[in-house]
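**Student:** Below you'll find the structure I mean.
Computed from the coordinates by the stated procedures, all read-outs in this text should not be read as laboratory data. Owing to the predicted nature of the structure, the values given are computational and were not obtained by experimental measurement. When we count neighbours, we look across all protein chains shown, and the Cβ atoms used for this are built from the backbone with ideal geometry, even at glycine.
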Amino acid sequence: MLNDTLPKYFDPRKNAAHEVTIEGRMLLSVFPELSAALASNEGDAFVHLSFRVDEDRRYIATGSIKSTVQVECQRCLEPTSVELEIDLSIGFVYDEDHAKNLPGDYDPVVMTDGEVVLADMVEQELLLALPIVAYHPESGCNPVALKYASSTDDAPDDEIKPNPFSILADLKVKKN
């Protein structure tokens, strides 16, 4: 199934038995949770999955997801591009109990009625790959936004604040 149209659902058992490879693009706008975390949901994700049955008779898929997403720069609050490249090694299981027996090399994906919703699986992987905080290179940030983000611009430079412990020094001098 080497084409640009991806199925909505897939059966990992059937795909693994026939060693199917699927690849194609999915619009970022079809992912509601991911769209809420992004500055813009324009663009797409390229998905590549190769299915097989491993030596222990597990249904697995290896592949990758690649996308460029727009997230909010935490320095200037303007959109910035982040490239996501996710290497996948997935083991398909029937329930959470089977997931515990899966080797650490595989990320478990639970099959519902023997099928997996591709968009849900891809969305979860993209969400996990998002950076916790993102920044432009400092030269790429909006200078006006940077001026307001700086805490040093709030206080005048020529104002000298009194030392709050100077009273203690005075008390020490009076005691002697």
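**Student:** Using the alpha-carbon atoms, what tilt in degrees (0 to 90, nearest 10) does helix 166-175 show relative to the longest principal axis of the chain?
**Tutor:** Between the helix axis and the principal axis of the chain, the angle is about 50 degrees.
**Student:** Between Thr68 and residues 5 or more places away or on another chain, which pairs have amide H atoms under 5 Å apart, with H built 1.01 Å from N, and which residues are they?
**Tutor:** Under 5 Å from the amide H of Thr68: Asp44, Leu84.
**Student:** Counting alpha carbon pairs within less than 8 Å and at least 6 residues apart, what relative contact order, in whole percent, applies to the chain?
**Tutor:** On the way: 296 pairs, mean separation 33.5, N = 176.
With pairs under 8 Å counted, the relative contact order is 19 percent.
**Student:** A follow-up question, please. Could you please rank Leu49, Leu77, placing first whichever residue has the fewest other Cβ atoms within 10 Å of its Cβ?
**Tutor:** Details: Leu49 24, Leu77 14.
Ranking Leu49, Leu77 by Cβ neighbours within 10 Å, fewest first, gives Leu77, Leu49.
**Student:** To continue, here is another question. Residue-wise, which Karplus ³J(HN,Hα) couplings in Hz belong to segment 67-82, taking 6.51 cos²θ - 1.76 cosθ + 1.60, θ = phi - 60°, and x for glycine or proline?
**Tutor:** Each residue of segment 67-82 in turn: 7, 10, 10, 9, 10, 7, 5, 7, 8, 10, 6, 9, x, 9, 7, 10 Hz.
**Student:** Further question: List the trypsin sites (Lys or Arg not before Pro) within segment 1-77 that DSSP assigns to loop and that have no more than 14 neighbouring Cβ atoms inside 10 Å.
**Tutor:** Qualifying residues, ordered by number: Lys8, Arg57.
**Student:** Which number comes out as Rg/Rh for segment 9-175 once both Rg and the Kirkwood Rh are worked out on C-alpha atoms? All intermediate terms of the calculation are to be shown ahead of the outcome.
**Tutor:** Values: Rg = 26.0 Å, Rh = 19.8 Å.
Here the Rg-to-Rh quotient is 1.31.
**Student:** Which aspartates and glutamates have a Cα less than 12 Å from the Cα of Lys8, not counting those fewer than 8 places away in the same chain?
**Tutor:** Glu115, Asp120
**Student:** Please go through segment 55-114 and write out the GluC sites (Glu not before Pro) that DSSP classes as loop and that have at most 14 other C-beta atoms within 10 Å. Please list the in-between numbers first.
**Tutor:** Details: sites: Glu55, Glu72, Glu83, Glu85, Glu96; in loops: Glu55.
Here the GluC sites (Glu not before Pro) that fit, given the DSSP loop and packing criteria, are Glu55.
**Student:** On average, how much area does the Cα convex hull of segment 1-53 cover when viewed from any direction, in nm²? Mind dumping the intermediate values first?
**Tutor:** Numbers: hull surface 16.2 nm².
If you wrap the Cα atoms of segment 1-53 in a convex hull and average its projections, you get 4.0 nm².
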